[in-house]
Amino acid sequence: MSYPTAQTTTIQNPRLRLLNKIRSGEFPLMTFVAIPSVRQAQIVALTGLDGIIIDCEHGHIGDDAMHNSVAAISALGVSPIIRVRRPTHDILKRVLDTGAHGLMIPQINTAEEAAQVVASSKFPPQGVRGQGSAFQLLAMALQHPSI
């Protein structure tokens, strides 16, 4: 059985700016933010970028600033991507519950490590992710995953 990926899914959502840019064959314009400032994230989002990477690995960004930055960036039509501190199951599910449009995962050195990240990022039956807040599903007009 095969499952859709970001490249093969039929979801067409104008709010997913980065994915739409990649699908059209264009190169997206992106940058990093590493300061826990929602105002800075908003200012950077107004520069015409396609995506902003919220750097929680090297930046001083905690959970509150991460959640608030994702909301501020996506509200301005830009795709927020989160660079995680480390690829553990608990961190990945918290990051995905923010509604980020993507993840940047550091220090993946083996196929097994990559498979663990994928399993933590997908709902059953493709993975082991549990259901958090439904807000992001509603905000993006997506369907609740079914088993």
Q) Ranked by Cβ crowding within 10 angstrom, fewest neighbours first, how are 123, 27 ordered? A) 27, 123
Q.
Taking θ = phi - 60°, what integer Hz values does the Karplus form 6.51 cos²θ - 1.76 cosθ + 1.60 yield along region 107-117, in sequence order, with x for Gly and Pro?
A. 6, 9, 10, 9, 5, 5, 4, 5, 5, 5, 5
Q: Would you pull out the residues with amide H under 5 Å of residue 102's amide H, same chain only if 5 or more places away, H placed 1.01 Å from N?
A: 82
Q. So for region 17-139, what percent of the C-alpha to C-alpha distances run longer than 24 Å?
A. 27 percent
Q: Sort 24, 37, 121 so that the residue with the fewest other Cβ atoms within 10 Å of its own Cβ comes first and the one with the most comes last.
A: 24, 37, 121
**Q.** Long-range HN-HN contacts of residue 79 with modeled amide H, under 5 Å
**A.** 17, 18, 51, 52
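We did not get these values from a lab; they are worked out from the coordinates using the rules stated. Just so it is clear, the structure is predicted and the values come from calculations on it, not from any experiment. We place every Cβ from the backbone using ideal geometry, glycine too, and count neighbours over all the protein chains shown.
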